[in-house]
Structure formats: C-alpha cells, structure tokens
Amino acid sequence: MKKIIALLLFLSCFHCLYAQNLQVAGGCMASSYTLTAKGSFNGKTYYETTGTVAGNTGIPIAVFWKEAPANTWVLAYNGQAYYSSNKDTPKPPGTSAFAWSAVQAAPCASPAPISVMGDVALWVTFGTVSAHIKNSSLYVNWQTVAEKNNDHFEIEASADGEHFVPLATIRSKARDGNSNALIDYNWNAGIHGLSQMALPFAAAALFLLMACYRRKHAFILIPIVLIIAGSVAGCKKNKDTISGNSPAFIRIAQVDTDGVKSYSKVVKVVQE
C-alpha cells in the first residue's frame, strides 16, 4: 500500500513539474528545448534552460516577464532579449494564439519562426479562417479548436492588410467561454458602396435639372433629390450591411473575460 501511495505521489509531482515546462523552438536555436520553471520573477513564473544558439553551445535560454514600463514577455539568449510579446497574460503567451515579435536583430543569418508551447496562455486556438464575397455580401467563417475564458470575437476588416477596423462583435458559443471541442462560427453582411448608391439619384437630379432649367425651378428640385437620396441610403444602412468599399483582408480578434485580446491569422477575401 505504501508503495502505491509513493508511486501516486511521484506521478502527481511529475505531472506538476511537467505542467510547468515550456517548449521553445525556432529563432536561432539548434532544436526544440524544454525550459523549466525556476520560480517567480517580476511577479510571474521564470523559465530557463541551456542550449545551442547560433552555433554556440551552453547558452542560457530564458522566458520571463519584464515589468513596467515594458510590460512584455521576453525570450532571451544569454540574458539578451531577442523576442517579446506584449500580452499581459498570467502564463507566457503561446504562439498558436499570440504573436511574438523580434526585439533586435537575430544572432544568426536565417532565424526560424518562434514557437512557444507547453505551460502557456491559450485563450483560443483558432482552426480555419476564411472570407469571401458573393452576390454583394461578405461571408466570414472561422473555427475554434479550443476556447478558455473566452468572451467574444470581433471581426475586423482592412483594405491593405495592416490597418483594420471593426465590423461586428460575435459572442462565444462555448459554455462559460470554455470548450475543448471544435466550434464553427459564421457571419455575413451585405455590402453597399455609398458612391454606387448615389449614382441613380445623381442621374435623376441631372435629368430634372436639365428639364427644368428654362423654367428656373432647379433650386427647388435640388433639396428634394438630396432628401430622397439620403432617406434611401439611410434605409439600406443597418447592422447587416457594410457601407463603402469591399474589404480585402479579414482577421478575427478574440477577447477573453479579462479583456486580453489575441488575433487569428489575416486572410484575404476571395471574390466569388
């Protein structure tokens, strides 16, 4: 009986230790490395190991929280920060849900994309994301593989792939914002270009003005035409329509219950 209890305690401790490990790869690291939790630093867990970086062996590799004014998670080689994420999460942000960016030039010629896995913050793991336009309507579809403490999604659009504006807010379908099952989301809205909508009214106004030019009543028709045009445009603008040019790029912003926001990949809108 004592041996069984000892074995259970060992397995429990092993699980606890493993759960506090990070797996990092990419950058200038020679392979994937496991970083072990070493305690608290600046109020959050500090992870460290040694490995080969840019051909040099025995280099300390660490992930830790850098407090104000920086307020970022840092991936450092030999004490020098090379990558960071500005997500104020309790655990290091996982790269499958959060972006990490370079802080300074990498110590090798062709650094690989950074990967941070293991004991990480993963509010939402996105599956496929797609967007297309058909019959003057925009359709956006996405999947979540897992959700944790998720509150809602924000669909964002862009003309250049860099500057995004919000289109709609969609509540999480997961019970209490938590799920380990695949969930499908979809949203669509009609697209109405204001410049295109104004063309029929401009043509009508021109015709009436020409017809009434000799009668000197044009000044009466101008406000009438403008009022009618504005009324029709107002009727077409509602929560299920988009005014202006068609978006070229779409991304999904996920907002957790604490207000932390992460993003899906950016996808190009397909014209059908």
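The values are calculated or read from the model by the stated rules, or taken from the named source; none is laboratory data. Because the structure is a prediction, the values reported are computed rather than measured. All Cβ positions, glycine included, derive from the backbone under ideal geometry; neighbour counts span all protein chains shown.
Looking for something under 28 Å from Pro92 (Cβ atoms), assigned by TED's automatic domain parsing to the domain that holds Val74 and surrounded by fewer than 14 Cβ atoms within 10 Å (Cβ to Cβ) - is there at least one such residue anywhere in the stretch 150-165?
No; the residues of the stretch 150-165 include none that is under 28 Å from Pro92 (Cβ atoms), assigned by TED's automatic domain parsing to the domain that holds Val74 and surrounded by fewer than 14 Cβ atoms within 10 Å (Cβ to Cβ).
Just for the stretch 160-215: of the residues that are of a type outside the set (Phe, Trp, Tyr) and touching a helix residue (DSSP H, G or I) at 6+ places or on another chain (Cβ under 6 Å), which one is modelled with the lowest pLDDT? I'd like the intermediate steps shown before the answer.
So in the stretch 160-215, the residues of a type outside the set (Phe, Trp, Tyr) come out as 160-163, 165-184, 186, 188-200, 202-206, 208-212, 214-215.
Pick out the ones that are also touching a helix residue (DSSP H, G or I) at 6+ places or on another chain (Cβ under 6 Å) and you get 192, 197, 205, 208-209, 212.
Details: His192: 67, Met197: 34, Ala205: 46, Leu208: 50, Leu209: 48, Cys212: 51.
Applying the filter and picking the extreme gives Met197.
Restricting to the stretch 25-60, count the residues that are within 15 Å of Gly79 (Cβ to Cβ) and surrounded by fewer than 15 Cβ atoms within 10 Å (Cβ to Cβ).
Of the residues in that region, 6 qualify.
Any idea which of (1) at pLDDT below 90; (2) surrounded by fewer than 16 Cβ atoms within 10 Å (Cβ to Cβ); (3) part of a loop (DSSP other than H, G, I, E, B) is the one Pro223 doesn't satisfy?
Result: Pro223 passes all but (3).
Which residues, taken from the stretch 1-24, are touching a strand residue (DSSP E or B) at 6+ places or on another chain (Cβ under 7 Å) and either modelled with pLDDT of 95 or more or assigned to a loop (DSSP other than H, G, I, E, B) (or both)?
Here is the first cut: in the stretch 1-24, the ones touching a strand residue (DSSP E or B) at 6+ places or on another chain (Cβ under 7 Å) are 20-24.
Within the stretch 1-24, Gln20, Val24 meet the criteria.
What number of residues in the stretch 115-124 are under 16 Å from Glu48 (Cβ atoms) and either modelled with pLDDT under 85 or surrounded by 21 or more Cβ atoms within 10 Å (Cβ to Cβ) (or both)?
Counting residues in the stretch 115-124 that are under 16 Å from Glu48 (Cβ atoms) and either modelled with pLDDT under 85 or surrounded by 21 or more Cβ atoms within 10 Å (Cβ to Cβ) (or both) gives 3.
Enumerate the pairs (first residue in the stretch 59-70 and in contact (Cβ under 8 Å) with a residue 40 or more places away in the chain; second residue anywhere and part of a loop (DSSP other than H, G, I, E, B)) with beta-carbon separation below 6 Å, excluding pairs fewer than 6 apart on the same chain, so at least 6 apart or on different chains.
Partner pairs satisfying both residue conditions: Val63/Pro92.
Let's see how each residue does on (1) touching a residue at least 24 places away in the same chain (Cβ under 8 Å); (2) surrounded by 16 or more Cβ atoms within 10 Å (Cβ to Cβ); (3) assigned to a loop (DSSP other than H, G, I, E, B):
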position: Ala109; (1), (2), (3): no, no, yes
position: Pro113; (1), (2), (3): yes, no, no
position: Phe126; (1), (2), (3): yes, yes, no
position: Val129; (1), (2), (3): yes, yes, no
position: Thr144; (1), (2), (3): yes, yes, no
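Can you pull out the strands (runs of 3 or more DSSP E) entirely within the stretch 231-272 that have at least 3 residues that are modelled with pLDDT of 70 or more, within 16 Å of the chain's Cα centre (by Cα) and surrounded by fewer than 14 Cβ atoms within 10 Å (Cβ to Cβ)?
Values: elements: 241-243, 249-256, 261-263.
Where strands (runs of 3 or more DSSP E) fall fully within the stretch 231-272, none carries at least 3 residues being modelled with pLDDT of 70 or more, within 16 Å of the chain's Cα centre (by Cα) and surrounded by fewer than 14 Cβ atoms within 10 Å (Cβ to Cβ).
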